[in-house]
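Asks: Handing you a structure now.
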Amino acid sequence: MSMTQQAAPAVDTPPAPGPKQSDGRTRQRPLALRLLARPEVGVFLGAVAVLVFFLFAAPPVRDGSSMANILYQSSTIGIMALPVALLMIGGEFDLSAGVAVITSALTASMLSYQLTMNVWVGVIVALLVSLAIGAFNGWLLVKTGLPSFLVTLGTFLILQGVNLAITKLVTGNVATDDISDMDGFGQAQKLFASTFTVGGVNVKITVVWWLAFAALATWVLLRTKYGNWIFAVGGNKDSARAVGVPVTFTKISLFMLVGFGAWFVGMHQLFSFNTVQSGEGVGQELIYIAAAVIGGCLLTGGYGSAIGPVFGAFMFGMVQQGIVYAGWNPDWFKAFLGVMLLGAVLINLWVQRTATRR
């Protein structure tokens, strides 16, 4: 009997897996670089460095009351720096923010005093005026296509002149009358300018409002559709409009948020000092913008956070009060301000290049 042998079918054996190849595009960057790419990390490290420096250079800073004072100074800057930062992320900035604070305070003060009305009437009217100023800036920007620098520079000059002229016309002086004895003053003061005690240290209510607004702004930017719109219009408004983002609404509403911040800070000043100097506020807009820039916001828009300006404002308050506690000439504050601003711009430029590097 002949036997035939049938060959078994060949089986392809897959090669042993080797090391995974990477084309460089999917390579994960080191954790340190990913952290530094966050807009708030750099300013946080800077704020820690400034704090440590003044803890050694100015021993009074270690006292609880001194730190409460530093936080208070930071909060008066930080409350306005937050909406200014959101506006900058949206690709614009507002040069009228400083004098708009005084406009809101003057409106509430003079309206309440001259018409002998409850101060809450003046507060509400001041809010409407502040929102209207912001809406006007945003509307003019959208309708004309002019740069926000020109639009808000014009508003800045208008408000500066109106503040002085109207105050002199109504009161015969450059300051408003004292409203501390008017109806509703006590209630409004509790909301805008009260003080509470923590561990035997007096803390201003503005510190609480500052942190609450920062938390709210962070949530809006990171968890809402409106936050996506802000980043989109700041990155490229034409592309944003093409995908359905309401660019006009977003731009105008951001300017109105700055108006709201100006109203709130203006009310704090009014109910802290009972009167308002009509010539104040000039130059404060640069402080607000600088705090946002130091906090990681780019002047070109589309990049930034709400937490960064919190640390930026803290650095301002720390330097401003730290110089005094150290016994140095307070004139050095502006020099420190310039150094911090230039340093922040250079760091932000490096961070931006790092974040876009593949």
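Asks: How large is ³J(HN,Hα) for each residue in segment 279-294, as worked out from phi by the Karplus curve 6.51 cos²θ - 1.76 cosθ + 1.60 (θ = phi - 60°), to whole Hz, x for Gly and Pro?
Replies: My calculation for segment 279-294 gives x, 7, x, 5, x, 5, 4, 5, 5, 5, 5, 5, 4, 5, 5, 4 Hz in order.
Asks: What is the gain in length, in nm to one decimal, between SER272 and TYR226 on full extension, counting 0.36 nm per residue of separation less the C-alpha to C-alpha distance? Provide the component values of the computation, followed by the final result.
Replies: Values: separation 46, 0.36 × 46 = 16.56 nm, distance 3.38 nm.
Net length gain for the segment: 13.2 nm.
Asks: Mind giving me the FRET efficiency for VAL339 and THR300? R0 is 30 Å, r the Cβ-Cβ distance, nearest 0.05 is fine. Display every interim value, and only then the final one.
Replies: On the way: r = 22 Å, r/R0 = 0.75.
According to the calculation, E is roughly 0.85.
Asks: Next question, about the same structure. For THR144 and SER180, calculate 0.36 nm times their separation in residues minus their Cα-Cα distance, and state this gained length in nm to one decimal.
Replies: Stretched out fully, the THR144 to SER180 stretch lengthens by 8.6 nm.
Asks: Still on this structure: What distance in nm separates the simple spin-label points at LEU211 and LEU51, each placed 7 Å from Cα in the Cβ direction?
Replies: Going by the 7 Å Cα→Cβ label model, 1.2 nm.
Asks: If you don't mind, there's one more thing I want to ask. Between LEU153 and TRP332, 0.36 nm times their residue separation minus their Cα-Cα distance comes to what?
Replies: On the way: separation 179, 0.36 × 179 = 64.44 nm, distance 2.74 nm.
That pair, LEU153 and TRP332, stretches by 61.7 nm at full extension.
Asks: Under the definition of Cα pairs under 8 Å and six or more residues apart, what whole-number percent is the relative contact order of segment 48-135?
Replies: 15 percent
Asks: Which lysines does LYS237 reach when only Cα atoms under 24 Å apart count, and residues fewer than 8 places away in its own chain are ignored?
Replies: Reachable lysines: LYS143, LYS225, LYS251.
Asks: Provide the net charge surrounding GLY98, with neighbours chosen by a C-beta distance below 11 Å and charges set as Lys +1, Arg +1, Asp -1, Glu -1.
Replies: Result for the neighbourhood of GLY98: -3.
Asks: Please compute, for the alpha-carbon atoms of the chain, the extent along each of the three principal axes and give them in descending order in Å.
Replies: Principal extents (Cα only, largest first): 130, 53, 35 Å.
Asks: When only Cα pairs under 8 Å and 6 or more residues apart are kept, what is the percent relative contact order across the chain?
Replies: The value is 34 percent.
Asks: Based on the Cβ-Cβ distance of LEU191 and ALA242, what FRET efficiency does E = 1/(1 + (r/R0)^6) give at R0 = 35 Å, to the nearest 0.05?
Replies: So the FRET efficiency works out to roughly 0.20.
Asks: Roughly what would the spin-label model give for ILE124 and TRP219, points 7 Å off Cα along C-beta, in nm?
Replies: That separation, rounded to one decimal, is 2.6 nm.
Asks: When the helix-only estimate is applied to the chain (DSSP H runs of n ≥ 4, each -39,500 (n - 2.57), divided by the residue count), what is the mean residue ellipticity at 222 nm, nearest 500 deg cm²/dmol? Each step should come with its number before you reach the end.
Replies: Numbers: 14 runs with 243 residues, N = 358.
-23000 deg cm²/dmol, from helical runs alone.
Asks: Only Cα pairs within less than 10 Å get springs; with that Gaussian network setup on the chain, which residue of GLY199, GLY244, GLY46 has the largest fluctuation?
Replies: Result for the chain, Cα springs under 10 Å: GLY199 fluctuates most.
Asks: Which of LEU115, GLY279, ALA232 sits closest to the plus end of the dipole of the chain, meaning its Cα is farthest towards the positive end, when Lys and Arg get +1 and Asp and Glu get -1 on the C-beta?
Replies: Of the options given, the answer is ALA232.
Asks: Could you pull out every one of the lysines with an alpha carbon less than 20 Å from that of LYS204, ignoring same-chain neighbours closer than 8 positions?
Replies: Partners found: LYS190.
Asks: Given a cut-off of under 8 Å on Cα pairs at least six residues apart, what relative contact order in percent is computed for segment 212-273?
Replies: 19 percent
We did not get these values from a lab; they are worked out from the coordinates using the rules stated. All figures in this text were calculated on a predicted structure; none of them were measured in a lab. Every residue, glycine among them, receives a Cβ derived from its backbone with ideal geometry; neighbour counts consider all protein chains shown.
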